[in-house]
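The values are calculated or read from the model by the stated rules, or taken from the named source; none is laboratory data. The structure displayed is predicted, hence computed values, not measured ones. Note that each Cβ is placed from the backbone with ideal geometry, even for glycine, and that neighbours are counted across all protein chains shown.
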């Protein structure tokens, strides 16, 4: 990558929107034509830019988008409206809270209702507002119903679910677009929890006949079509990371990360590198200081584990990761690649899953912790 692409920044994320579209289309192909494939763009599109990702997917035909909270939803709605995508649906997973109701209505956001309090709040609000404005009717205030089937996180718990089954009139006046739940262990394809949750979800659906259903996340989209129902909700797979223990080669990596070489210096055998002097050189060496650190989202645990690509050669990250920089042993790297130059932190030979493994975390965290300092450059191929 040429240095001018970085502009004033010291690192750059190259985000391939074409790859994200290809991944969405692949995931969509796993389901029948009767199943809608939505897109998770929460946490700023998993760190890659919710506005840019959603716009690209909208052009490709995606009509359903999920975010975490109302703040994310409003920002996305304003952007999509400006681009002429007023008819797209945006859902918030965290539900609706008392001080947010007017903005849910004003910005046409669909709350995922996670308990009886939220359901009652939204029903009363929608009924009060249903006969006002130019288009009366509860369909102006759609919602989704989230029932917990094993995650023990968000969603109606067992007692509230039993109450709702016995008091289904509580849904009267609500435009419930879907009933949904969330898989616990779909990334482990043979985990018996998957079958247990599917059975529980099917039983729940029987109490709410005619209501469309949604269960599958990224990994669930790769399970059998029995899990797909009327809408799947892929997230991490859109961005090219494999959610399952047995990855498919059908997903296309959507992001690479390059950083600027700030300085190249010689060092003697016995010299110590970085905070705490945790790495001691065992030979005379050449050390490159790279303009990326944990403030940019480069995980501290990658020090002493990760390798970067310089030209066609790899080199180890040594010493501790600093706030603004890392150090790399480039003793064996062709000097022609070093001044001026860049290193590749994330690339085809060292992908998200490998970086996450070295950082003792998951691909989700690697992406969502990417900071604001790396410049984001978007490609459409």
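Observations on the structure shown:
- Residues that are farther than 14 Å from residue 304 by Cα and assigned to a loop (DSSP other than H, G, I, E, B) within region 331-361 comprise 331, 332, 333, 334, 338, 339, 340, 341, 348, 349, 351, 361, listed in sequence order.
- Qualifying positions in region 341-354 - surrounded by fewer than 21 Cβ atoms within 10 Å (Cβ to Cβ) and under 13 Å from residue 257 (Cα atoms): 344, 347, 348, 349, 350, 351
- Residue check, residue 171 without any contact (Cβ under 8 Å) to a residue 60 or more places away in the chain and in contact with a helix residue (DSSP H, G or I) (Cβ under 7 Å, 6 or more places away or on another chain): no
- Candidates 136, 216, 200 - the one that is more than 22 Å from residue 237 (Cα to Cα) and at pLDDT 95 or above: 200
- Residue in region 192-206 that is surrounded by fewer than 18 Cβ atoms within 10 Å (Cβ to Cβ), in a loop (DSSP other than H, G, I, E, B) and either outside the structural domain of residue 161 (by TED's automatic domain parsing) or more than 15 Å from the chain's Cα centre (by Cα) (or both) present: no
- Residue count for region 320-340 under the criterion of being more than 18 Å from residue 260 (Cβ to Cβ) and surrounded by 15 or more Cβ atoms within 10 Å (Cβ to Cβ): the result is 2.
- Scanning region 138-153 for residues that are surrounded by fewer than 19 Cβ atoms within 10 Å (Cβ to Cβ) and more than 17 Å from residue 172 (Cβ to Cβ) yields 150, 151, 152, 153.
- Selection of region 140-149 for residues being in a loop (DSSP other than H, G, I, E, B) and at pLDDT 95 or above yields 148, 149.
- Test: residue in region 284-295 that is within 28 Å of the chain's Cα centre (by Cα), over 16 Å from residue 6 (Cβ atoms) and not assigned by TED's automatic domain parsing to the domain that holds residue 48: yes
To keep it simple, each residue is scored yes or no on (1) within 30 Å of residue 14 (Cα to Cα); (2) crowded, with 23+ Cβ neighbours inside 10 Å; (3) in contact with a helix residue (DSSP H, G or I) (Cβ under 7 Å, 6 or more places away or on another chain).
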position: 208; (1), (2), (3): no, no, no
position: 232; (1), (2), (3): yes, yes, yes
position: 237; (1), (2), (3): yes, yes, yes
position: 240; (1), (2), (3): yes, no, yes
position: 263; (1), (2), (3): yes, no, no
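- Counting only residues that are in a loop (DSSP other than H, G, I, E, B) and surrounded by fewer than 16 Cβ atoms within 10 Å (Cβ to Cβ), region 365-379 holds 3 of them.
- When each of 19, 54, 9, 43 is tested for being in contact with a helix residue (DSSP H, G or I) (Cβ under 8 Å, 6 or more places away or on another chain) and surrounded by fewer than 23 Cβ atoms within 10 Å (Cβ to Cβ), the lone residue that passes is 43.
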